[in-house]
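Beneath this line is the structure, given in structure tokens, with notes to follow.
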Amino acid sequence: MYLPKSPRATFSQLRSFEAVARLGGVTKAAQALHLTQPTVSTQLRELRESLGVDLLVPAGRGVQLTDAGRALLQTVTRMFVNWSEFEDGVADLQGLLRGSLRIAGVTTTEYFLAQWLKPFVDAYPGIEVDLVIDNRDAVVRRLERGLDDLAVMMMPPNHLAIDSLTVMDNPLILIGPAGHPWQARKTTPLKQVAMVDLLMREAGSGTRQATLEFLGRHSLAARIRMTLGSNEAIKHAVAAGLGLAIVSRHTLAKNPEQEGLCVLPVTGLPIKRKWQAVWRQDRRLPRVARVFMEFVQRQLVFKAGDHGGIGISNALFHES
């Protein structure tokens, strides 16, 4: 019987290599793995020596993969996916007492994903949750590499074969500082939005992309005064009078005036979008992820009337 050779690399070395390749540097990888930088550097050096080939080369303040490094990263990613599937199988045998859920969400989902997860982890304390929050482009890259079981986003990519379920409304609204003159109007023509200073998220944000596409369909261009890297930064800047912004209604308190903000009535707004849970068609959806989605349907703490009447859709998380 043919017996494959044992690998010359350890799991710890491969885990450190994957983290460095994914995050672009030793410092960030060490922080993510809760290791010291010297430990990660030593594991990378030992891995290079055992394979006899360079895997990473310096690039500015970070690192860049060599051809061998890219090949190894593809192999390691497949290994981790296979290992995750094995763990899921063990979880099935143990009645879901153990396992892991890897989920990524675009930045705005930080306002509600924790409320989805809290009752789930309470009900299944043996499940380890790996939650990553980033902008849309970064979440799409994670989908491309198969790093997560599920992703929650507003604008799923068109170039990947994915399955998706609509989970919740995501209206995009125009906000201004409390007491803004438009607040007292019945409505404001949409074309006036293109005549005022707008604050927007960074390139790669789904909200920014949806806003620009919406204005473009109405032959309007945004007058972007400032780009900010988070929804909270945008809200503070709007409240300070630096400009107006189109944001998800989920980013606001039930009473926006508590944050020094107001929702401005504009013809054609809100932009009607949906939150979707998505996963790769070519990857088996783990049982833990299926149970999580079913659990969300039953236990989600979002209730009709919260956030301006936004609620979870019914009959969403059944397997097809």
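Throughout, read-outs are computed from the coordinates displayed, never taken from laboratory work. All figures in this text were calculated on a predicted structure; none of them were measured in a lab. Quick reminder, even Gly has a Cβ in these numbers, built from the backbone with ideal geometry, and neighbours come from all protein chains shown.
Numerical summary
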| quantity | calculated |
| --- | --- |
| Coarse-grained scattering of the stretch 170-273 at q = 0.24 Å⁻¹, given as base-10 log I(q)/I(0) from a Debye sum over alpha-carbon atoms | -1.56 |
| Environment charge at I175 (Cβ cut-off 12 Å; Lys +1, Arg +1, Asp -1, Glu -1) | 0 |
| Theoretical ellipticity at 222 nm over the chain - DSSP helices of four or more residues, -39500 (n - 2.57) apiece, nearest 500 | -11500 deg cm²/dmol |
| Estimated distance in nm for a label pair at R217 and K186, the labels positioned 7 Å out from Cα along Cα-to-Cβ | 2.5 nm |
| FRET efficiency estimate (nearest 0.05) - Cβ-Cβ, A138 to R284, R0 35 angstrom | 0.90 |
| Quarter of Cα convex hull surface for the stretch 11-73, i.e. mean projection, nm² | 3.7 nm² |
| Against the rule of thumb 2.2 N^0.38 Å, how large the Cα Rg of the chain comes out | 1.15 |
| Relative packing of 202-209, 105-112, 156-163, which averages over residues the other C-beta atoms within 10 Å, highest first | 105-112, 202-209, 156-163 |
| Relative contact order of the chain, pairs being alpha-carbon contacts under 8 Å that are 6 or more residues apart, as % | 20 percent |
| At least 20 Å along the helix axis (C-alpha) and Kyte average at least -1.0, DSSP helices within the chain | 37-51, 67-93 |
| The stretch 113-204: C-alpha pair distances exceeding 16 Å, % | 71 percent |
| Spherically averaged projected area in nm², based on the convex hull that wraps the Cα atoms of the stretch 230-280 | 4.8 nm² |
| Relative contact order %, the stretch 170-273, counting alpha carbon pairs below 8 Å whose residues are six or more apart | 53 percent |
| Cβ-based exposure ranking for H180, H218, in which fewest neighbours within 10 Å come first | H218, H180 |
| For the stretch 56-177, average projected area of the Cα convex hull in nm² | 11.5 nm² |
| For A178, residues with placed amide H under 5 Å, excluding near neighbours | L261, C262 |
| For the stretch 20-37 versus the stretch 229-250, the gap between their alpha-carbon centres in whole angstrom | 32 Å |
